[in-house]
1. Hey, any idea what % of the range B:1-131's accessible area is carbon plus sulfur with a 1.4 Å probe?
2. Report the trypsin sites (Lys or Arg not before Pro) located in the range C:69-134 that are in a DSSP loop and have at most 14 other Cβ atoms inside 10 Å of their Cβ, or state none.
3. Below 20 Å, Cα to Cα, which aspartates and glutamates can A:LYS52 reach? Residues fewer than 8 away in the same chain don't count.
4. Could you name every residue in the range C:73-94 that has 30 Å² or more less accessible surface in the full protein assembly than in its own chain alone (probe 1.4 Å, ligands and nucleic acids excluded)?
5. Calculate for chain B the 222 nm mean residue ellipticity that helices alone would give, adding -39,500 (n - 2.57) per DSSP H run of length 4 or more and normalising by residue count, nearest 500 deg cm²/dmol.
6. Given a cut-off of under 8 Å on Cα pairs at least six residues apart, what relative contact order in percent is computed for the range B:17-138?
7. Which residue fluctuates most in the GNM of chain C (Cα springs below 10 Å): C:PHE27, C:PHE54, C:PHE159?
8. What lysines does A:LYS32 reach when the alpha-carbon gap must be under 18 Å and sequence neighbours fewer than 8 apart in one chain are set aside?
Amino acid sequence: MELLGQYNYWVVFFLMMTGFYVVIARGNLVAKIVGLNIFQTSVFLLYISMGKVSGGTAPIVADPGSLYSNPLPHVLILTAIVVGVATTALGLALVVRIKEAYGTVEEDEIYAQDDPPHGSAPALAQGSETATADSAGEARR
Amino acid sequence: MQRDFVLRIIAKLLIPYILLFALYVQFHGDFGPGGGFQAGVIFAAGIILYALVNGFEQAVRLVSPRILPPIAAFGVLLYGGVGVVSMLRGGAFLDYNLLAHDPVHGQHYGILLIELGVGITVASIMLTIFYAFMERNR
Amino acid sequence: MTHLIDIVLLTFLVATAIAIVRLNSLFAVVMLFGIYSLITAGVFIALDAVDVAFTEAAVGAGISTVLMLGTLALVGHRQAPQQHSRALPLTVVVITGVVLLWGTADMPRFGDPEAPVHQHVAPRYIQDSPAEVGVPNMVTSVLASYRGFDTLGETAVVFTAGVAVLVLLGRRRRQHRDPGSSGD
């Protein structure tokens, strides 16, 4: 057990870095939001791991003299999860609007529409088969 | 989706218990695991299951998206209102001790009311968000 | 025994995370994220956080996944192949990860009752809340009573996020049926 004493923290930081990698390496905006959620969940795990007391039990009053885990991290994370889903929904709503304005959710293609290489902007906007080419032009203004 | 009998019948069996369980979690949160946040999410999940199985039109007939934002605002106001009442009774904001003659009873009332406010807000906001995505999908 | 369950579940979690990184289909990624959330809820139970596990199971595995699937239905689950080199993000991630892992060497051992986090306000919550608040579930009494202001703020954040989603995805579409007219 001594050797694995920090195993929780190692896993938490591994997951954190996995989420971070997905956010910076993937170009797709939905994948980025999944990455942010993985990162967020790893932070939850970090807090809950710190609140654990060996031999403790859930912080609901039982027999006198019981050893309880720390309730404070539980409270913080409980509210953070619900706020997290609300903000995730906000991010997904933004992704939906970006799709409608640009016709794509790939980061590179969005950049290409914002900063067209060598003045090919009109050709790009008109050449696009998406129904939202007009709004893409509008969004560029 | 409309023709999937197994799914529809299982959902029909499950949904009342999901909603009932949400109420249990809401009002039993003082004694066991649970509380307003969980109850709100479970309640919303029950309605979302109904919407996924029976389609958007049916779900709108059950819970109209138009009434949800006022309900959500009511939840936040209920929470804040408990704080204001405790101020009017001469205490600090959200000091539940003054809500009843006995401080521990006051705490009970305060916790019950603010958990109810949280539950109402969370349930209606989760449903609002879900409806917003559903509406775009049509 | 609890530690063993904890270690096994965490290993599952790592495997799921690696699969999420390696898979290319967004549909699979979102479904795996639902599984990931459910395993996280299991870990929370092993770590005594029953209320948190409850919330995570309902929110992460339930509502988050449904919302992500709804988004995929709108934006498509095609993901462009990666064009950039993976060397730079991988380097950044490995360096940051090594620094963080190095930091764990100074952290208190997992489950240590003497850790600083258990010395500040937590003993008071555990000892006095049954008498002061009269609610057996300490998480509820801390959430609703001791940290009532905090929870009011969180509720307001949830409300604001919901209103913001309505502003972004509002029901403007209803009036004019034309699917292409996202402008006015």
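The values are calculated or read from the model by the stated rules, or taken from the named source; none is laboratory data. Quick caveat, the model's predicted, so the values are computed rather than measured. Cβ atoms come from the backbone with ideal geometry, glycine included; neighbour counts cover every protein chain shown. Ligands, DNA and RNA are excluded from the accessible area calculation, which covers all protein heavy atoms including side chains. Shrake-Rupley method; radii C 1.70, N 1.55, O 1.52, S 1.80 Å.
1. Here carbon and sulfur together make up 73 percent of the probe-accessible area.
2. Hits after loop and neighbour filter: C:ARG78, C:ARG86, C:ARG109.
3. In chain and number order, the partners are A:GLU2, A:ASP63, C:ASP6, C:ASP48, C:ASP51, C:GLU56, C:ASP106, C:ASP112, C:GLU114, C:ASP128.
4. Buried by the other chains: C:LEU74, C:VAL75, C:ARG78, C:GLN79, C:ALA80, C:GLN82, C:HIS84, C:PRO89, C:VAL93.
5. The per-residue figure over chain B is -26500 deg cm²/dmol.
6. Numbers: 163 pairs, mean separation 38.6, N = 122.
Averaging sequence separation for qualifying contacts and normalising by length gives 32 percent for the range B:17-138.
7. C:PHE159
8. Cα-Cα hits under 18 Å: A:LYS99.
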